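Right, one structure below, let's go through it.
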Amino acid sequence: MTLPLLIALPFVAAALIAAAMFAMPDGVRVRALSPWFAFAAPLVGLGLLISERVGMPAAGVLAWRRPWVPGLGLTIGLRLDGLSYLFALLVLAIGLLVFVYARYYLANSESLPRLYVLLLLFMGSMLGLVLSDNLLLLAIFWELTSVVSFLLIGFWPARADARRGARMSLSITAAGGLALLAGVLLLGHICGSLELADVLAQAGRVQHDPLYPAMLLLILFAAFTKSAQFPFHFWLPHAMSAPTPVSAYLHSATMVKAGVFLLARLYPVLDGTDEWFYIVSLTGLVTLAGGAAMALVQRDLKGLLAYSTISHLGLIMLLFGLDTQLSTVAALFHTINHAVFKASLFMAAGIIDHETGTRDLGQLRGLRRYMPHTALLAIVASLAMAGVPLLNGFLSKEMFFGETLAQGLLGEFNWVIPTLALCATALSVAYSLRFVYGVFFDGATPRDLPQFPPHEPPRFMKLPVEILVVVCLLIGLFPQFTIGTMLEAAARVTLGGPPPDYSLSLWHGVNAPLTMSVVSFAAGVLLFAFRRDAFRRHRSLLSEFNASEGFDVFVGRLERAARPLVRLFESGSLPSYLAWMIGAMLVVPGLALSALAPFAGPAPRMPADPVTLAGLALLAALAIGVVLARATLLVAIVLLGSCGLLVTLAFARFSAPDLALTQISVEIVTVLLLVLALYFLPAVQRAPDPAAARIRNAALAIAGGALVGGVAYAVLTRAPLPGIAPYFLANALGGSGGHNVVNVILVDFRGFDTLVEISVLVVAGLAVKALLRGLRLAAPKTGPRGLPWSSQSHPLLLAILARLMLPLTALVAVFVFLRGHNLPGGGFVAALVASIALLLQYVASGVLWTESRIRINYRSLAGLGILCAALTGLGSLAFGYPFLTSAFGHLHLPLVGEIELSTAMLFDLGVFGAVVGTTLTIVSHLGVRDKNLQSVEKS
């Protein structure tokens, strides 16, 4: 249970903070409480992660697996090995430091709890991604990281750049997510399994399959979009509009490393082909050089760090694409180093922005006099990024140079890769020097700072940067003792076997990599010294091409191309939408039905008795009456309710009492809602539809009815197929302790369906609430026919009857709820009965009178209902049973006798809360009217 608990911790902490935000209107208390929940999740997670890894051999694997869809061979599988341990450690450790940093970064006027909720959701998503042992589960968490990243980048929705950056990142990374899903499905098709262990064991089969090139391109597309590789790199600089804690966490240490993790995880299967070598290495090489060149000319401090991140991610991708095994070890090594020094640099940039009010390198200068401690930290981290000896970046850079010299991808042009690598490294030295010199030196006094004089940040805001800088030093001085074992374990998993011999010592003698380092330092210093001329040339060369502008042009052209379709389908007419939907329904199933031969089956027909025929004829007449009387809304509602009553009688006649109870309850609720809505509709006669529209509607109605009737006839006249009803009938009592098979199906056998349905219901209710927010409906003075409404908004007789019925109806709801497991009833029907009682109070006495006496937060009730239902399912998982498996037992009480207790009742209670809460959320907002009428109601 450790691995699922590891993933669940951030989600639980996020839920607790969200609940505190909802329950405590005092924002100060929530702001003070939320950091402790946020700190606890990664702290406990680190303890669990390290405790599980300690004692495991380097090649050991800790697995956790539960059935998901056994019929399809799908499981929920989690896997902790050397590679997933490395990335999970980065996610948790840097996440904890970012949480501490964020506590002091945001202003008091900004929502720190909301930021923590989103960061925790992202942490849980990343942990799920790196610990997944099922490729489909990995794809689900992959998409979840994209969605949460969108919300984090757009954390400040009032800013146009934040909205644009969020949309751009979601467009690119979500497209990659779809490609990943397609690639994973192809890989699963080739291997016959989506389990990671099965896939990794079939490298030969995968690489010789005709689908390998398509599958490889899809997976690489996903990795390149996530890790901001050329030509999909442009979303990352625009993501810098997010708060700096988000940039430090997502865009340096975790999210952009997801593409790196994907290549490392699937390396044993995908590596070894020419397609892999050339696509990955050349893409990484172009990204490495281009990102470094763009970083040098940025004026924005975070923009410089963003392009340097792109460049270093390109370096890692290039290492994965080289045809040497040691290059993979170097890629993993640089992944660790980059996460450490880049997270510290982003936090340092956030401190500078926080204390000066700007990130513009044209304004920042001479800050070493005002912020000496921050200057020292940023200088050390920048030198690590430049690859200065005795810091962590130097070691992985040396390995990188060595592998570029050892590769043989380009034949006689092999010199191209080490040459471009040398140039990119020189550029990294130059932009690192620009960061240091431009911010902390370059003049005595800063220019026109929005906040002057700047000063050191709070003590604990610097603490995360200090820890990361110390880690840079420790890895640089003692690499074998700090990360040697962890790197070896991760490399063993990535390579699918023992890694080649390598050394993490500080000194390897005077060799070619060391010579390349010296040359890159010298070239970088010269480039920085002559940077102004280089800036002019660089800007003139790159001014012709702007990837983000190209993206905007592409999106604009796509929108223009879609306008004819939008005009065709988005007409703003509800009848038109229904016509398209019914038309599609007629075409697709109709073509399938036309192939039936014969259309009717051989099963004998049951004789139709006169009562049934009379009921069907009356139902048809009422339905036609609804259509003919649609202009007179009150009459149409009465006829529509009568149709529902006849359907209820049909259910009762054909031995479906549960359906009959549900139908009659739904009908009453619907009629009450329609009557309440009818009161506010304007008394305007709608113009008659054109003749062509009436003909179209009639044709579609007749064809649709014929299709549905034909399907029913074709199914019912065929011999019954072997069904699942005998299984339910045989196992309802023994498996769930209930005699009412319908209720047992809803709360046990198909409980997950019910959970999804009530979730959809709650989401729909919240959507209606959002649509009605701020709406003030004036009470009409006349009815639909121009007759004046009664002077009494709420007739006294109706109000008295409604109040008398409330306790009686509540008692009926309790009775129906308690009997549901063994007799017709249950949580859904009980919720509808309770909703009817409360709805009647709103109709009879008004919103203000009702809510002044029934002080229930309906949204909270709906949310608690879903939570109760979900926790019931999680309870079964805690005891090792499938999700939502119910348990029951019998208890003997004195004087009462034997009673049955079942966990299904808790699930039913959740259904009850969700339905009542959603229904009354809608009504309470629909019933809010103008201020004059409210004042009358108060009196």
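The values are calculated or read from the model by the stated rules, or taken from the named source; none is laboratory data. The structure displayed is predicted, hence computed values, not measured ones. Heads up, the Cβs are rebuilt from the backbone with ideal geometry, glycines too, and the neighbour counts pull from every protein chain shown.
If the requirement is being outside any helix (DSSP H, G or I), free of Cβ contacts under 8 Å to residues at least 24 places away in the same chain and not aromatic (Phe, Trp, Tyr), which of these qualifies: Ser109, Ser125?
Result of the check over Ser109, Ser125: Ser109.
In this structure, does Leu586 turn out to be assigned to a helix (DSSP H, G or I), without any contact (Cβ under 8 Å) to a residue 40 or more places away in the chain and not charged (D, E, K, R)?
In short, no.
Looking at this structure, is Val744 crowded, with 20+ Cβ neighbours inside 10 Å, assigned by TED's automatic domain parsing to the domain that holds Ala904 and among the hydrophobic types (A, V, I, L, M, F, W, C)?
It is true that Val744 is crowded, with 20+ Cβ neighbours inside 10 Å, assigned by TED's automatic domain parsing to the domain that holds Ala904 and among the hydrophobic types (A, V, I, L, M, F, W, C).
Can you spot a residue in segment 413-429 that is in the same structural domain as Leu383 (by TED's automatic domain parsing) and either charged (D, E, K, R) or at positive phi (or both)?
The answer is no, given that none of the residues of segment 413-429 is in the same structural domain as Leu383 (by TED's automatic domain parsing) and either charged (D, E, K, R) or at positive phi (or both).
Between Leu200, Leu196, Leu178, which is in contact with a strand residue (DSSP E or B) (Cβ under 8 Å, 6 or more places away or on another chain) and either crowded, with 22+ Cβ neighbours inside 10 Å or of a type outside the set (Val, Ile, Thr) (or both)? First the steps, then the outcome.
Working: Leu200 fails: in contact with a strand residue (DSSP E or B) (Cβ under 8 Å, 6 or more places away or on another chain); Leu178 fails: in contact with a strand residue (DSSP E or B) (Cβ under 8 Å, 6 or more places away or on another chain).
The match here is Leu196.
Could you tell me whether any residue of segment 67-76 is modelled with pLDDT under 95 and on the phi > 0 side of the Ramachandran plot?
Checked against the condition, which is being modelled with pLDDT under 95 and on the phi > 0 side of the Ramachandran plot, segment 67-76 yields at least one hit.
Filter segment 882-905 for residues that are in contact with a helix residue (DSSP H, G or I) (Cβ under 9 Å, 6 or more places away or on another chain) and farther than 19 Å from His821 by Cα; which is modelled with the lowest pLDDT?
Here the answer is Pro882.
This table checks each residue for (1) modelled with pLDDT under 90; (2) within 26 Å of Asp81 (Cα to Cα); (3) touching a Lys or Arg at 6+ places or on another chain (Cβ under 8 Å); (4) hydroxyl-bearing (Ser, Thr, Tyr).
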site	(1), (2), (3), (4)
Trp156	yes, no, no, no
Ala160	yes, no, no, no
Leu181	no, yes, no, no
Leu185	no, yes, no, no
Ala203	yes, yes, no, no
Ala214	no, no, no, no
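Yes/no per residue for (1) assigned to a helix (DSSP H, G or I); (2) of a type outside the set (Phe, Trp, Tyr); (3) free of Cβ contacts under 8 Å to residues at least 24 places away in the same chain; (4) farther than 18 Å from Ile352 by Cα:
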position: Gly393; (1), (2), (3), (4): yes, yes, no, yes
position: Ile417; (1), (2), (3), (4): yes, yes, no, yes
position: Tyr431; (1), (2), (3), (4): yes, no, no, no
position: Pro450; (1), (2), (3), (4): no, yes, no, no
position: Pro454; (1), (2), (3), (4): no, yes, no, no
position: Leu463; (1), (2), (3), (4): yes, yes, no, no
position: Glu466; (1), (2), (3), (4): yes, yes, no, no
position: Phe481; (1), (2), (3), (4): yes, no, yes, yes
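Evaluate the following for Ala102: is it crowded, with 24+ Cβ neighbours inside 10 Å and out of contact with any strand residue (DSSP E or B) (no Cβ under 7 Å at 6 or more places or on another chain)?
Against the criterion (crowded, with 24+ Cβ neighbours inside 10 Å and out of contact with any strand residue (DSSP E or B) (no Cβ under 7 Å at 6 or more places or on another chain)), Ala102 qualifies.
Assess whether Thr358 counts as being among the hydroxyl-bearing types (Ser, Thr, Tyr) and assigned to a helix (DSSP H, G or I).
no
What is the number of the single condition among (1) modelled with pLDDT of 85 or more; (2) closer than 26 Å to Leu840 by Cα that Leu633 does not meet?
Here Leu633 clears every test but (1).
Per-residue answers, yes or no, for (1) more than 23 Å from Leu296 (Cα to Cα); (2) in contact with a strand residue (DSSP E or B) (Cβ under 7 Å, 6 or more places away or on another chain); (3) not in a helix (DSSP H, G or I):
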residue: Pro210; (1), (2), (3): yes, no, yes
residue: Leu218; (1), (2), (3): yes, no, no
residue: Ala223; (1), (2), (3): yes, no, no
residue: Pro231; (1), (2), (3): no, no, yes
residue: Pro237; (1), (2), (3): no, no, no
residue: Ser252; (1), (2), (3): no, no, yes
residue: Phe261; (1), (2), (3): yes, no, no
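Taking segment 694-713 as the search range and keeping residues that are of a type in the set (Val, Ile, Thr) and either modelled with pLDDT of 85 or more or surrounded by 16 or more Cβ atoms within 10 Å (Cβ to Cβ) (or both), which one is farthest from Ala620 (Cα to Cα)?
Only one residue fits best here, namely Ile695.
Here are the criteria: (1) in a helix (DSSP H, G or I); (2) within 19 Å of Leu427 (Cβ to Cβ). Tell me which single one Gln298 does not satisfy.
(1)
Can you name every residue in segment 473-520 that is over 40 Å from the mean Cα position of the chain (by Cα), crowded, with 19+ Cβ neighbours inside 10 Å and of a type in the set (Gly, Ala, Ser)?
Hits for segment 473-520 are Ser517, Ser520.
Quick one: which of Ser84, Ser109 is surrounded by 16 or more Cβ atoms within 10 Å (Cβ to Cβ), polar (S, T, N, Q) and on the phi < 0 side of the Ramachandran plot? Break it down into steps so the answer makes sense when it comes.
Details: Ser109 fails: surrounded by 16 or more Cβ atoms within 10 Å (Cβ to Cβ).
Answer to the selection: Ser84.
Among the candidates Gly357, Gly393, which residue alone is assigned by TED's automatic domain parsing to the domain that holds Leu433, within 27 Å of Leu463 (Cβ to Cβ) and buried (at least 24 other Cβ atoms within 10 Å of the Cβ)?
After applying the criteria, what remains is Gly393.
Which residue, of Gly865, Gly910, Gly873, is modelled with pLDDT of 75 or more, within 28 Å of the chain's Cα centre (by Cα) and under 18 Å from Arg819 (Cα atoms)?
Matching residue, one of Gly865, Gly910, Gly873: Gly910.
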